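The values are calculated or read from the model by the stated rules, or taken from the named source; none is laboratory data. Note that the coordinates shown come from a computational prediction; the quantities given were computed from them, not determined experimentally. No Cβ is skipped: glycine too gets one built from the backbone with ideal geometry, and neighbour counts run over all protein chains shown. Ligands, DNA and RNA are stripped out before the accessible areas are found, and what is left, the full protein with its side chains, is counted by its heavy atoms. Shrake-Rupley method; radii C 1.70, N 1.55, O 1.52, S 1.80 Å.
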Amino acid sequence: MTEATMAYPERQAALPDFSTPDDQAHGVPAEPAAVSTGSLPSPERVKALLEEAHDRYRDLDDGAVADYIPSLGRADPGLFGLSICGVRGQSASTGDAALRFSIQSISKVFVFALVCHALGHAEVSRRVGVNNTGLPFNSVMAIELSDGDPRNPLVNAGAITTTGLAPGATAAEKWTFIQDGLSRFAGHPLELDDEVYASEAATNQRNMAIARLLQSYGRIDVDPIETTDVYTKQCSLLVSTEDLAVMAATLANGGTNPVTREQVIDAAVCRDTLAVMATSGLYEFSGDWLFEVGVPGKSGVSGGIITVAPGKGGLGTFSPRLDPAGNSVRGQRAARFLSHALGLDVFASKPFDPAGA
């Protein structure tokens, strides 16, 4: 992702405490979690809970915008949008849901899915890897410690490797494949944010260094600078939370866009993509996310997060205030609340009642 030059002195700080005591400090009462079921609740219930999540966290002012890229640093920290799309195409939104922002590292998920669809499970697993590094997303040390293995497609090294594997004989052809593919996930053409792209292209020296290091290990066999440029472009595509919800719901729906009904990728590729999201979607804090939210997710430093509930739907959130790891503070809180309230957590269950059978 293009947040390669980010330097957080508190990098090893823990994620914001998702626990009930911390929520109570913000005036949020404790509530039992709903048990996961095979479908979303009624549209009226979904809309009400979406608005409740927005009301709960819109005044939370923890975190700071990503100012290492000038165009991101100018974001209004008060922006907050939430959208849900179900696998049947039903949707609901609240707040700044129509506002467009750059997709950033969330793009990694969909590029990985497209490349897996094109090249196959085994080849991408061999070339990219699927294990969490336990280190920051832009770590050079992680590459050296693993003898050049990018480790997984959701850190910068793995994402650049994945972009280099995109079909196409030239960088322009690879870019067309990626832009068209992400647009199919969203259900409409996605545009490049020229301002964000220019800002990130001027500050992506670390990503270029990572690409050259990968080349030295034989992990990418295309031009590293051109590959980094394509990668920078994919991170600069404009989306809204409404787009992210549809894109996430496509992953929840076996690869079929629930709005356009187009089969974007195979169901087996969805399974692979969600598995990687579950283990590495929020970098070295992915375990905290899975423990608290209970479904695969992926963040980006512009403030977006996608959450995928397989067989049910997708949640897209946007709020620019980030924690020290580069994840939206309000987005994480809203995702946790909605996962519990809507019964999305794939680990939640209740004992079988023989009397009710």
The range 292-316 residues that are under 26 Å from Gly73 (Cβ atoms) and open to solvent by less than 10 Å² (accessible area, probe 1.4 Å), paired with ones that are aromatic (Phe, Trp, Tyr) and modelled with pLDDT under 95 (beta carbon under 6 Å, 6 or more apart): Gly297/Trp289
Matching residues in the range 59-87 - criterion: being open to solvent by 60 Å² or more (accessible area, probe 1.4 Å), under 30 Å from Asp194 (Cβ atoms) and in a loop (DSSP other than H, G, I, E, B): Asp67, Arg74, Asp76
Flag if Phe291 is closer than 26 Å to Ala66 by Cβ, more than 15 Å from the chain's Cα centre (by Cα) and modelled with pLDDT of 95 or more: no
Number of the condition not met by Thr161 [criteria: (1) more than 16 Å from the chain's Cα centre (by Cα); (2) at negative phi; (3) open to solvent by 10 Å² or more (accessible area, probe 1.4 Å)]: (3)
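Taking the range 88-117 only, how many residues are on the phi < 0 side of the Ramachandran plot and assigned to a loop (DSSP other than H, G, I, E, B)?
9
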Of all residues making up the range 205-216, the number that are in contact (Cβ under 8 Å) with a residue 60 or more places away in the chain and open to solvent by 10 Å² or more (accessible area, probe 1.4 Å): 5
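To keep it simple, each residue is scored yes or no on (1) within 26 Å of Thr241 (Cβ to Cβ); (2) at pLDDT below 95.
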site: Asp55; (1), (2): yes, no
site: Ile69; (1), (2): yes, yes
site: Gly95; (1), (2): yes, no
site: Ser102; (1), (2): yes, no
site: Ala157; (1), (2): no, yes
Sole exception among (1) among the acidic types (Asp, Glu); (2) in contact (Cβ under 8 Å) with a residue 60 or more places away in the chain; (3) within 14 Å of Leu165 (Cβ to Cβ) for Asp223, by number: (2)
Qualifying residue in the range 266-279 (condition: closer than 24 Å to Gly331 by Cβ, touching a Ser or Thr at 6+ places or on another chain (Cβ under 7 Å) and open to solvent by less than 50 Å² (accessible area, probe 1.4 Å)): no
Thr250 buried (at least 21 other Cβ atoms within 10 Å of the Cβ), touching a residue at least 12 places away in the same chain (Cβ under 8 Å) and over 19 Å from Leu99 (Cα atoms): yes
